[in-house]
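The values are calculated or read from the model by the stated rules, or taken from the named source; none is laboratory data. Everything quoted here is computed from the prediction, not taken from an experiment. Counting neighbours? That spans all protein chains shown, and the Cβs are built from the backbone with ideal geometry, glycine included. For accessibility, only protein heavy atoms count, side chains too; no ligands or nucleic acids. Shrake-Rupley method; radii C 1.70, N 1.55, O 1.52, S 1.80 Å.
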Amino acid sequence: MKIACLFLAGAILCCADGPEITKVEPPDWVAASQPTTLRMLLTGSNLAGVQVKPCGSLPAAANLSVSANSSYLFFDLTIPARVRPGKCAIEASSPAGRTSAPFEIVPPLNRQQNFNGFSSDDVIYLIMPDRFANGDPSNDDPAVSHGLFDRAKARYYHGGDFAGIEQRLPYLKDLGVTAIWLTPIYDNANRLNERERYANQAITDYHGYGAVDYYGVEEHFGNLESLRHLVSEAHRFGIKVIQDQVANHTGPYHPWLRNPPAADWFHGTESEHPNETWQTWTLLDPHASKAMLRGTLDGWFLNILPDLNQDNPETARYLIQNTMWWIARTGIDGIRQDTVPYVPRAFWRKWTNAIHAGYPQFRVVGEVFDQDPSFTSFFQGGRKGFDEVDTGLDSVFDFPLYYAIRHFFARHGSATELSKVAAHDSLYPDPARLVSFLGLHDVSRFLNEPGATNDDLARAFTFLFSVRGMPMIYYGDEIGMHGGDDPDNRRDFPGGWREDTRNAFESNGRTAEENKLFDHVRHLAAIRRHSAPLRQGTMIQLFCNDHTYAFARVLGGQRVLAVFHDGPDQESVRIPVHSPGFGDGAHLTDALSGLPSVDVDKGFVEIPLPARAAAIYQIN
Ligand SMILES: [Ca+2]
Ligand SMILES: [Ca+2]
Ligand SMILES: [Ca+2]
């Protein structure tokens, strides 16, 4: 409008003071059967004193609130029930001028095909979009963010994208995957990140955890339309989609850092803020003072990631509305929420209440990166904590079990660690909803544990697919990819790029060792798919010593026996199987065909376990 104003009036007075709008958040909203009141945020300049006229027939704007420097304007916009989809404009006017910005009411997505959550019936697969498959070389080095692409550099963009994931849906389906978790796809900085360094070099935000626009899609991966297309294609393959969201902090280059929508939008400013203290135990300490908690709740990660203030109602509302927008606009089925402990629990309650009210089947898993189940369990919803807050989080990742899996299967430590973790399930409102895993993008790969072999990894997978919870595979672990600490654990999947010398997405591009592991994981997924007890059954611990561990999964009249042995020698083990209901004379066969069949005799099975063995016994 500034330019038009210039032509019409030619007066500096007019143009310097007229309102400008550079951003509308949310940029659109879905039509719904219920009226919805949005809290709109306009970004621009000279917004003080403006009148806002929403689109066409929409009701008048209410509760206007402008930031001290006139560059942000909040207002309520009510979308009536069953409003007709279409484009329109939001007009802002003041005596100094007027301007407008586009807004749109869009049609809703189909409820049956979308928003379906995830459960222990699913097999989750974690993908870093930049590192999985490059389906569209035209977005490898976009003009807007030129120079961040270099496959030779571990912390630069490598070219993976939504189109690549979409092309590999048949591979995932064949493996037995039913849900994919994508690391964040928010728009990240279009420039080198000079505030973090690796090997003394500036790096990029290829990982997605540095949002600069909560309503934007990273251009290296695609755009909103290609994301929507990926979700819809995944659903066609019977694969759900879990989005990674980050409500604790923005990236170091978010424009809010230098110009926040409110003075207390963040906990402090770029030059004056608390550094993260990592004293997470204080969060479940009834004796901790508020001042002591603040270092953990308000601190800036790495001293550079701007920590959002969810106690500001405008900030909280912005974040919740943003989550609802992503769900409604893309059709995703679940959310993985980053760094859950570092945000006030009362915010999670509001956030999960909004999600579950709008989408009852939708599921959320929170990252609570801690070895102690008394800490991780504190954040799963379903009951109030000592602070009277029920977070409402459906699930948390089972980091305690991850550590025990590595301890036993990779480092050949004691099996009692596995049994102890399962024993602490009494702390969780619902242990069946834990997401279990043996690796992910923040820890070194299983095979990088000293001495760990492909056979060790195979046994760990057998455990993962038979234990309670929701199994998750980190991309590439199914073919035994190697990689040390971040970023080495995020290598490109071989064959995801046209120029790759081999294609491990196809069996003839995999080595014999890789095929053996891949076939094993695919077999496990099939066994689990056809076994209700493995997916949903009660877990009954039966036997444990340093070398050997056995448990049953029981559902209705069906039962399965899982046995793990890590001794270097053959050992015959007598396992009591009466309590899970294996009757005398029952003939048990290993679904993996590795161990001999056994019969139940006087309430026991005696299994001659070879060195380093795993079995899933079913009644035959
Ligand atoms: Ca690409
Ligand atoms: Ca970007
Ligand atoms: Ca925080």
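To the nearest 10 degrees, how steep is helix 224-236 against the longest Cα principal axis of the chain, on a 0 to 90 scale? Around 30 degrees separate the two axes.
Using the 1.4 Å probe convention, the accessible area of segment 484-620 works out to 46 Å² per residue with neighbouring protein chains retained.
Evaluating 6.51 cos²θ - 1.76 cosθ + 1.60 at θ = phi - 60° for every residue in segment 190-205, the Karplus couplings come out as 8, 8, 5, 8, 8, 8, 10, 10, 9, 6, 6, 10, 5, 10, 10, 9 Hz, glycine and proline recorded as x. Relative to the longest principal axis of the Cα atoms of the chain, the long axis of helix 512-529 makes an angle of roughly 90 degrees.
Count Lys and Arg as plus one, Asp and Glu as minus one, and take only other residues whose Cβ is under 11 Å from that of residue 280; the net charge is then -4.
Here's the picture: charge each Lys and Arg Cβ at +1 and each Asp and Glu Cβ at -1 in the chain, and of 241, 18, 67 the one pushed furthest to the positive end of that dipole is 18. With contacts taken as Cα pairs under 8 Å and at least 6 residues apart, the chain reaches a relative contact order of 10 percent. Rounded to whole numbers, the Karplus 3J(HN,Hα) couplings from phi for segment 395-405 are 8, 10, 6, 8, 5, x, 5, 4, 5, 5, 4 Hz, using 6.51 cos²θ - 1.76 cosθ + 1.60 with θ = phi - 60°, and x at Gly and Pro.
Here's how it looks for residue 211: its modeled amide H is under 5 Å from those of 251, which are all 5 or more places away or on a different chain.
When the accessible area of segment 404-477 is split by element with a 1.4 Å probe, what percent falls to carbon and sulfur? Whole-percent figure for carbon plus sulfur exposure: 51. Taking the Kirkwood radius as Rh and the Cα radius of gyration as Rg, the chain has a ratio of Rg/Rh equal to 1.01. Cα centroid separation, segment 195-247 to segment 288-318: 24 Å. With θ taken as phi - 60° and the Karplus curve 6.51 cos²θ - 1.76 cosθ + 1.60 applied, the whole-hertz 3J(HN,Hα) list for segment 246-259 is 10, 9, 6, 8, 8, x, x, 10, 4, x, 4, 4, 8, 8 Hz, x standing for glycine and proline.
Backbone amide hydrogens, once placed in the peptide plane, bring residue 604 within less than 5 Å of 577, excluding anything fewer than 5 places away on its chain. Label zone (residue 353, point 7 Å along Cα-to-C-beta; backbone nitrogen cut-off 20 Å) within segment 364-397: 364-366, 379-395.
At a 1.4 Å probe radius, which order do 292, 128, 324 fall into by accessible area, largest first?
Working: 292 85, 128 5, 324 30 Å².
The ranking, largest first, comes out as 292, 324, 128.
Each DSSP beta bridge with both residues in the chain is either parallel or antiparallel, and the antiparallel ones are about 70%.
Report in % the part of the accessible area of segment 5-106 that belongs to carbon and sulfur, leaving out ligands and nucleic acids; probe 1.4 Å.
Ligands and nucleic acids excluded, carbon and sulfur reach 56 percent.
For the chain, lysine pairs with C-alpha atoms less than 29 angstrom apart, excluding pairs fewer than eight positions apart on the same chain, total 16. In this structure, the amide hydrogen of residue 609, modeled 1.01 Å from its nitrogen in the peptide plane, lies closer than 5 angstrom to those of 571, 572, 573, counting only residues at least 5 positions away or on a different chain.
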